[in-house]
1. Just going by the charge dipole of the chain, with Lys and Arg at +1 and Asp and Glu at -1 on Cβ, which of Cys94, Tyr148, Ile28 is farthest out on the positive end?
2. Would you work out the charge dipole size for region 1-137 about its Cα centre, treating the Cβ of every Lys and Arg as +1 and the Cβ of every Asp and Glu as -1, and quote it to the nearest 20 debye?
3. Can you tell me the relative contact order of the chain? Whole percent, Cα pairs under 8 Å, sequence separation 6 or more.
4. Over what distance in Å are the Cα centres of region 1-75 and region 102-124 separated?
5. What is the magnitude of the charge dipole of region 70-114 about its Cα centre, with +1 placed on the Cβ of each Lys and Arg, -1 on the Cβ of each Asp and Glu, and no other charges, expressed in debye to the nearest 20?
6. Sequence gap at least 6, Cα distance under 8 Å: using those rules, report the relative contact order of region 31-109 to the nearest whole percent.
7. Using a 1.4 Å probe over the heavy atoms of the protein chains, calculate the carbon and sulfur portion of the accessible area of the chain as a whole percent.
8. Which links in Lys7/Lys29; Lys16/Lys73; Lys7/Lys73; Lys16/Lys153 stretch past 18 Å when you go from one Cα to the other?
Amino acid sequence: MKQDRTKGIGGSDANKIYNGDWLELNRIKRGLAEPEDLTWTLPVQIGIATEHINIQWLERELDTNITRNVIVKPEGFMASNLDGVTKEIQLVECKHTSERNRMEIIAQNYYPQLQHYMMHTDTDMIHLAVIFGNARWESTIITSDPTYQMQLK
């Protein structure tokens, strides 16, 4: 079960804040506007639908089990809904994108979200697992960047 995204600042919100979309986000968090309904947004739904297989590929790559859909206890304004956590307490975030995209671009686009998750959980790294169209799968490790995280606070 997903957490109520109107309470606290989550990982997706960190991207919006960093990219300057904070005014509408503020209105949503205060209950003055409704969040966007992503039910019929195809890229979002494909990402949700492929998350299970994405995690399976990462489990195979890391030779470990991953607990899925982990809601982190809110801390102050921070909220996080992680795609997964390994038994070694390594965070996992899954994405699905065009096969023409590159890992460097995905990592850059989601950097605020990934740093938010590491800041909230006080961890040093996160596995970013990405399915590119139906052509390939890649993973990389993103490390904690305390200087960047201070910009998110």
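The values are calculated or read from the model by the stated rules, or taken from the named source; none is laboratory data. Bear in mind the structure is a predicted one, so any value in this text is a computation, not a measurement. Ideal geometry is used to build each Cβ from the backbone, glycine not excepted, and the neighbour counts take in all protein chains shown. Note: areas computed on protein heavy atoms with side chains; ligands, DNA, RNA excluded. Shrake-Rupley method; radii C 1.70, N 1.55, O 1.52, S 1.80 Å.
1. Sorting the options by dipole projection puts first Ile28.
2. With Lys and Arg at +1 and Asp and Glu at -1, about 200 debye.
3. Details: 232 pairs, mean separation 37.0, N = 153.
Relative contact order, the chain: 24 percent.
4. So the two Cα centres are separated by 13 Å.
5. Numbers: 5 positive and 6 negative charges, 13 e Å.
The calculation lands at about 60 debye.
6. The value is 24 percent.
7. Numbers: 4950 of 9400 Å².
Here carbon and sulfur together make up 53 percent of the probe-accessible area.
8. Lys16/Lys73
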